[in-house]
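Everything on this sheet refers to the single structure shown next.
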Amino acid sequence: ILDITSGVPVIGLPAALFSVGFFASFYLDIVATTIAGDDGTPDWPSVSDFLDDILMPFVRVIGVTLISFGLAIAVLWLMDEKAQTFLWALGAAVLWGCFYFPMALLGSVVCGNLYGALPHIVLPSVFRAMPGYLLTVPGLAIAMVVCGLAEEYSHRIPYVGWFIAAAIAIY
């Protein structure tokens, strides 16, 4: 429903931003609940305080993503796509983002803000969590590839393609 609503003129962009903030808030609640050792599923986010309940989790997840994949974004913007080393540089930057993102998100949840996603917090935590942490990197990379392929190919299926892509992304 949110995917359909995001394409509607005038309300599409606010609906898309609200949905990203809502699910970011829920995702951060799931991570915080798991860190606390609680086996129960957290409640859906409240929307009574839009700034704290929707907007700040949105900003935090976007911030962690930009910190983690900022190098990949810089390669896309600054490097010539026809250069021989472009694909290697982009691949290395994306792998770095996949390596950095899981611990940066955990650090952000533990600290309660973006400070926990900064390198002087994240990198020592990564090294303390080795070698088990190395299992998350291929998992995130595979998930990104699968979601990208699902998005690309499922939209070619009439009527239900968007549903298949959303189901794969959620899974």
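Quick note: the coordinates plus some simple rules give every number you see, no bench work behind them. Values in this document were obtained by computation on a predicted structure and should not be read as measured data. In this analysis, Cβ positions are derived from the backbone assuming ideal geometry, glycine residues included, and neighbour counts consider all displayed protein chains.
Miscellaneous remarks
- For the chain, calculated [θ]222 nm from helices alone, where every DSSP H run of n ≥ 4 adds -39500 (n - 2.57): -22500 deg cm²/dmol
- If a spin label sat at a point 7 angstrom from the Cα of Leu87 along the line to its beta carbon, no backbone N atom of segment 132-164 would be nearer than 15 Å.
- Read-out semi-axes √(5λ) of the Cα gyration tensor in Å, derived from the coordinates shown; its label in [x] 30, 18, 16; [y] 33, 19, 15; [z] 26, 25, 17: [z]
- Stretchable slack from Ala143 to Arg156, in nm (0.36 nm times residue separation minus alpha-carbon distance): 2.6 nm
- Note on Leu17 and Val110: with the Förster distance fixed at 22 Å, the Cβ-Cβ geometry gives a FRET efficiency of about 0.25.
- In this calculation the C-beta distance from Ala129 to Ile168 is compared with R0 = 35 Å, giving a FRET efficiency of 0.80.
- Mean Kyte hydropathy of 0.5 or more with a Cα span along the axis of at least 27 Å, helices from DSSP in the chain: 12-35, 56-78, 86-111
- The chain, relative contact order [Cα under 8 Å, separation at least 6], %: 14
- Pairwise FRET efficiency - Asp39 versus Ile73, Cβ, R0 = 35 Å, nearest 0.05: 0.40
- Gyration tensor verdict on segment 1-87 (Cα atoms; rounded if a/c is under 1.5, prolate if a/b is larger than b/c, oblate otherwise): oblate
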